[in-house]
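Step one of this worksheet: look at the structure below.
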Amino acid sequence: MNRIVVTGIGVISAMGDSVAENRASLILGKCGISLLDMFPSKFSGSLPVAEVKKNNTALQEKLNAFEPGVTRTSLLALHAFEEAVANSGLSNNQLSDFNTALVSGNTVGGMCLTDEMYEDAKKETTGSEYIASYDYASVNMYLQQRYRLNGNINTINTACSSSANAIMYGARLIKSGRAQRAIVGGADSLAKFTINGFNALHILSPEICTPFDINRKGLNLGEGAAFLVLEKESDCPGKKIYATLSGYANTNDAYHASSLSDEGIGPFKAMQQALQSANLSASDIDFINAHGTGTENNDLVEGTAMLQLFKTVPPFASTKANTGHTLGAAGAIEAVYSILNLHHQELYPGINFKEPIPATGLVPVKTYQQKGLEHIMSNSFGFGGNCSTLIFSKP
Amino acid sequence: MFYIHQHSCISPQQTFPVSRIDELSDAVDKKLQVIEPSYEQIPPGMLRRMGKAVRIGVGAALPILKGLPAPDGIILGTANAGKEDCVKFLNQIIEYNEGMLTPLNFVQGTPNAIASQVGILTKNHGYNITHMHLGLAFEHVLTDADMQITENPSGLFLIGAVDDISVYNYYFEDKGGWYKKETVTGKQLYDSGTDGSVAGEAAAMFMVNGNRTGAAAKLIAINSLHHTDAEVMKKYLQQFIINHLPHGEKIDLLLSGENGDNRLRVFYDAAEEITGRETAIARFKHMSGEFPTATAMGLWLCCRFLQGDEIPGHMIKYSKPEKGLRNILIYNNYKGIQHSFILVAIP
């Protein structure tokens with residue numbers, strides 16, 4: 001069988017610094033959202049966000065990462081990358097093999113350095129150590145140089161679905177014979193750039209976000225990173241396999257630059273085509289890790305599309321109530337959570353929800369449950385109408 | 001392997017809507033900037049809100065989509081698109097001390113804006129992606145298209161790449177030492193013996209599928225490498241040619257991404273060594289300038305030559321290919337670490 005399997009996972013988020021810590025927090029229904037504290041901003045102490053409670057110095061010391069120009073986005077990525085690689089047991093030789101691919105997505109890159117970038121754009125003299133770090137590709141270039149990676153390396157941007165597409169692309173590189181294994185994921189750090197951007201769009205919630213609730217007031221931004229190691233099943237006899245990546249799809253809503261169409265054409269097609277690619281029917285899905293940002297627009301449209309596709313909507317929840325919206329990292333973080341659902345045969349309590357949206361009547365899973373789970377769907381939708389759905393299955 | 005059909009390119013040269021590349025437009029202030037058309041297909045209200053990258057990208061894409069069935073996907077590459085808006089927004093954040101800002105620059109600053117605008121304008125619900133891996137962004141577009149057409153042999157895809165010179169990315173690249181200190185014109189670029197190149201920009205778009213009938217060119221193979229050692233690159237290129245050049249064929253033309261940066265010469269010399277005396281050599285960075293997705297314009301030029309256009313004298317570095325040009329190798333190096341290998345041939 002040439003199924004694409006997941007042999008390693010790594011994650012860092014407001015829910016913890018490792019897969020084990022994230023799972024423990026999910027089981028407890030912990031909310032990682034608190035008032036902005038990690039960097040000075042007009043929003044410090046007033047805006048709810050989901051921070052990784054380790055400053056850059058602490059991350060650098062932990063990771064022994066003192067290369068000039070390294071950014072917070074790269075540090076978060078490195079943290080999750082190292083966990084996933086160790087978890088899969090990849091050697092340094094395997095990492096630098098020409099057949100090992102690295103694909104990741106992010107939406108902030110080095111622009112977390114708002115103030116440094118401003119200074120660099122003003123100065124007439126030479127630039128700072130960060131001059132080459134502002135680019136989105138700087139995250140992968142950093143990992144490439146640190147680990148001397150020689151295979152296919154790619155950076156993808158489809159806004160908030162970036163890392164879901166990175167996972168798809170890595171799987172397709174393996175299927176087409178362009179890679180034997182792919183380390184895939186995404187990272188984003190909290191930044192003045194995104195805080196002010198989403199604030200200008202009036203979709204930041206002044207309170208802790210409440211996905212799929214009638215009184216939802218918007219999203220909370222979060223930060224983090226996650227990576228998965230993908231391999232061909234036939235290449236890993238005897239290796240621990242967490243899940244198979246059994247289906248995926250990428251579609252476009254083609255409606256508006258920053259909101260979804262009322263009918264949810266993009267989300268509907270993404271879920272439908274992912275089912276087709278996995279050779280599954282809607283009734284086979286046991287749980288949906290929804291995009292569920294907590295905005296007026298997303299949760300209504302996503303619910304509408306789910307109702308249209310599923311005769312009976314399966315159990316679902318949005319872990320953005322726990323992690324905030326981690327933008328380019330969200331697809332990968334939620335992929336790791338979906339894999340944890342499958343691996344431990346358990347559903348985590350959806351939090352912050354009180355009352356359903358009348359138009360859909362959909363109620364997320366509210367309590368911890370141990371349950372037989374075969375197939376889990378994970379949705380990621382982004383600006384520009386970029387909708388992606390992944391399906392993970394029990395190996 | 002796939003076939004390239006319609007193609008278009010908005011560049012610093014006269015490439016759009018008709019090609020007159022024998023007349024060379026020179027760099028001004030170390031920048032080769034695109035000659036912008038009138039964009040008749042873009043609604044004026046939308047056009048006013050578009051930054052240059054979106055404008056040239058959408059402007060190059062719409063004409064080749066016209067009259068064809070809707071593509072099954074839109075696959076674009078860019079490293080710089082959106083940066084102008086991003087930096088404008090960052091500056092507003094600082095200058096207005098995180099006050100009430102308008103979201104226009106933030107939304108337009110997302111690098112997937114070109115692929116999404118083409119999607120919105122053509123109501124295309126298919127596969128939609130933006131590859132952004134710097135000097136290999138377009139190479140991943142080609143790789144993605146190659147995989148898509150293998151997965152869906154009847155599929156039709158719009159692919160392409162866009163990069164623009166903005167005040168800020170010019171400034172950052174200049175500070176990073178990637179542009180020449182001195183002014184150079186035309187082919188002087190290649191003989192300067194100094195570090196750096198000149199800034200460039202372009203949008204190039206292609207309709208591709210698995211159908212040979214009526215095709216302009218055949219994309220035989222695409223590969224990329226990250227490495228700083230020219231010896232490793234040489235071995236990789238040699239193997240690439242062995243693996244993909246059809247038996248009994250030769251490479252008639254090497255389209256070299258040589259950009260006048262003395263530090264990169266070792267890689268371009270290595271590529272010439274591999275292709276050897278039998279292969280003619282042409283260069284194009286004096287037409288496009290240097291930018292991360294310049295190979296997209298390179299591929300567009302290859303399509304023209306494979307369709308019979310004459311290679312202008314100002315492009316020729318060594319020899320001129322005999323009549324019956326069949327196989328072209330594009331080799332490009334970005335900043336000494338990202339290598340691109342593209343093999344393109346007559347259909």
For this session: Being among the acidic types (Asp, Glu) and in contact with a Cys (Cβ under 8 Å, 6 or more places away or on another chain) is the filter here, so list the residues in the range A:232-277 that pass it.
Result: A:Asp253
Problem set entry | Long-range neighbours under 8 Å by Cβ, at least six apart or interchain, first residue under 20 Å from B:Thr110 (Cα atoms) and free of Cβ contacts under 8 Å to residues at least 40 places away in the same chain within the range B:40-52, second of a type in the set (Phe, Trp, Tyr) and open to solvent by 50 Å² or more (accessible area, probe 1.4 Å) | none
Exercise. So which of A:Gly69, A:Gly127 is on the phi < 0 side of the Ramachandran plot and modelled with pLDDT under 95?
Worked result: A:Gly127
For this session: Report yes if A:Ala65 is part of a loop (DSSP other than H, G, I, E, B), more than 14 Å from chain B (Cβ to nearest Cβ), open to solvent by less than 50 Å² (accessible area, probe 1.4 Å) and of a type outside the set (D, E, K, R), otherwise no.
Result: yes
Problem set entry | A:Ser74, sole failed condition from (1) part of a helix (DSSP H, G or I); (2) open to solvent by less than 30 Å² (accessible area, probe 1.4 Å); (3) over 30 Å from A:Tyr248 (Cβ atoms) | (3)
Exercise. Scanning the range B:153-171 for residues that are open to solvent by less than 50 Å² (accessible area, probe 1.4 Å) and among the polar types (S, T, N, Q), which turns out farthest from the other protein chains (Cβ to nearest Cβ)?
Worked result: B:Ser166
For this session: Of all residues in the range A:1-51, count the ones that are free of Cβ contacts under 8 Å to residues at least 24 places away in the same chain, among the basic types (Lys, Arg) and touching a Leu at 6+ places or on another chain (Cβ under 6 Å).
Result: 0
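Would it be correct to say that A:Tyr118 is modelled with pLDDT of 80 or more, closer than 16 Å to B:Tyr171 by Cα and either out of contact with any Phe, Trp or Tyr (no Cβ under 9 Å at 6 or more places or on another chain) or part of a loop (DSSP other than H, G, I, E, B) (or both)? Spell out how you get there, then give the answer.
On the way: modelled with pLDDT of 80 or more: no; closer than 16 Å to B:Tyr171 by Cα: yes; either out of contact with any Phe, Trp or Tyr (no Cβ under 9 Å at 6 or more places or on another chain) or part of a loop (DSSP other than H, G, I, E, B) (or both): yes.
Answer is no for this residue.
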Problem set entry | Tally, over the range B:168-181, of residues that are assigned to a loop (DSSP other than H, G, I, E, B) and more than 25 Å from B:Gly313 (Cα to Cα) | 4
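Could you pull out every one of the strands (runs of 3 or more DSSP E) wholly within the range B:264-337 that has 2 or more residues that are touching a residue at least 60 places away in the same chain (Cβ under 8 Å) and open to solvent by less than 20 Å² (accessible area, probe 1.4 Å)?
Working: elements: B:280-283, B:316-318, B:327-334.
Passing ranges, in order: B:327-334.
Each row is one residue, and each column tells you yes or no for (1) open to solvent by less than 10 Å² (accessible area, probe 1.4 Å); (2) not aliphatic (A, V, I, L, M); (3) not assigned by TED's automatic domain parsing to the domain that holds A:Glu355.
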residue	(1), (2), (3)
A:Arg181	no, yes, yes
A:Ala187	yes, no, yes
A:Asn196	yes, yes, yes
A:Leu204	no, no, yes
A:Thr210	no, yes, yes
A:Ile214	no, no, yes
A:Lys217	no, yes, yes
A:Gly222	yes, yes, yes
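Looking only at helices (runs of 4 or more DSSP H) that fall completely inside the range A:282-395, which ones have 2 or more residues that are within 16 Å of A:Thr244 (Cβ to Cβ) and either at pLDDT 95 or above or open to solvent by 10 Å² or more (accessible area, probe 1.4 Å) (or both)?
Working: elements: A:296-309, A:320-323, A:330-344.
Fully inside the range A:282-395 and qualifying: A:330-344.
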For this session: For the range A:156-174, enumerate the residues that are within 8 Å of another protein chain (Cβ to nearest Cβ) and either within 27 Å of A:Val363 (Cα to Cα) or touching a residue at least 40 places away in the same chain (Cβ under 8 Å) (or both).
Result: A:Ile156, A:Asn157, A:Thr158, A:Ala159, A:Asn165, A:Tyr169, A:Leu173
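Is it fair to say B:Ala70 is at pLDDT 90 or above, outside any helix (DSSP H, G or I) and more than 22 Å from the chain's Cα centre (by Cα)?
Values: at pLDDT 90 or above: yes; outside any helix (DSSP H, G or I): yes; more than 22 Å from the chain's Cα centre (by Cα): yes.
For B:Ala70, the condition - at pLDDT 90 or above, outside any helix (DSSP H, G or I) and more than 22 Å from the chain's Cα centre (by Cα) - is met.
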For this session: May I ask you to say which residue of B:Thr228, B:Thr185 is within 25 Å of B:Ser11 (Cβ to Cβ), in contact (Cβ under 8 Å) with a residue 40 or more places away in the chain and surrounded by fewer than 19 Cβ atoms within 10 Å (Cβ to Cβ)?
Result: B:Thr185
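One line per residue, one yes/no per condition, for (1) within 8 Å of chain A (Cβ to nearest Cβ); (2) open to solvent by 10 Å² or more (accessible area, probe 1.4 Å); (3) touching a residue at least 60 places away in the same chain (Cβ under 8 Å):
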{"site": "B:Ile93", "(1), (2), (3)": "yes, no, no"}
{"site": "B:Thr102", "(1), (2), (3)": "yes, yes, no"}
{"site": "B:Ser116", "(1), (2), (3)": "yes, no, no"}
{"site": "B:Gly119", "(1), (2), (3)": "yes, no, no"}
{"site": "B:Phe138", "(1), (2), (3)": "no, no, yes"}
{"site": "B:Val141", "(1), (2), (3)": "no, no, yes"}
{"site": "B:Asp144", "(1), (2), (3)": "yes, no, yes"}
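Just checking, does the range A:193-204 include any residue being among the hydroxyl-bearing types (Ser, Thr, Tyr), within 19 Å of A:Gly247 (Cα to Cα) and in contact (Cβ under 8 Å) with a residue 12 or more places away in the chain?
The first filter runs over the range A:193-204 and keeps only residues among the hydroxyl-bearing types (Ser, Thr, Tyr), leaving A:194.
If we keep only those that are within 19 Å of A:Gly247 (Cα to Cα) too, we end up with none.
For the range A:193-204, residues among the hydroxyl-bearing types (Ser, Thr, Tyr), within 19 Å of A:Gly247 (Cα to Cα) and in contact (Cβ under 8 Å) with a residue 12 or more places away in the chain: absent.
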Exercise. Identify, please: which residue in the range A:45-55 is within 18 Å of A:His325 (Cα to Cα) and more than 21 Å from the chain's Cα centre (by Cα) and is, among those, least open to solvent (accessible area, probe 1.4 Å)?
Worked result: A:Leu47
Exercise. Scanning the range A:93-115 for residues that are modelled with pLDDT under 80 and within 10 Å of chain B (Cβ to nearest Cβ), which turns out farthest from B:Gly135 (Cα to Cα)?
Worked result: A:Asp115
Exercise. Yes or no: A:Phe212 in contact with a Pro (Cβ under 7 Å, 6 or more places away or on another chain) and away from chain B (no Cβ under 14 Å)?
Worked result: yes
For this session: Check A:Gly238 against each of (1) surrounded by fewer than 22 Cβ atoms within 10 Å (Cβ to Cβ); (2) modelled with pLDDT of 95 or more; (3) out of contact with any Ser or Thr (no Cβ under 8 Å at 6 or more places or on another chain) and name the one condition it does not meet.
Result: (2)
Problem set entry | Residues being in contact with a helix residue (DSSP H, G or I) (Cβ under 7 Å, 6 or more places away or on another chain), closer than 20 Å to A:Asn140 by Cβ and not in a helix (DSSP H, G or I) - total across the range B:110-143 | 6
Exercise. In the range B:325-347, is there at least one residue being in the same structural domain as B:Thr279 (by TED's automatic domain parsing) and at pLDDT below 95?
Worked result: no
Exercise. Is it true that some residue in the range A:135-148 is open to solvent by 10 Å² or more (accessible area, probe 1.4 Å), of a type in the set (D, E, K, R), at negative phi and at the interface with chain B (Cβ under 7 Å from one of its Cβ atoms)?
Worked result: yes
Exercise. Somewhere in the range B:81-91, is a residue open to solvent by 20 Å² or more (accessible area, probe 1.4 Å), outside any helix (DSSP H, G or I) and either among the hydroxyl-bearing types (Ser, Thr, Tyr) or under 30 Å from A:Ser41 (Cβ atoms) (or both)?
Worked result: no
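The values are calculated or read from the model by the stated rules, or taken from the named source; none is laboratory data. Note that the structure is predicted; figures quoted are calculated from it, not measured. Reconstructed Cβ throughout: ideal geometry from the backbone, glycine too, with neighbour counts over all protein chains shown. Surface accessibility is based on the protein's heavy atoms, side chains included, excluding ligands, DNA and RNA. Shrake-Rupley method; radii C 1.70, N 1.55, O 1.52, S 1.80 Å.
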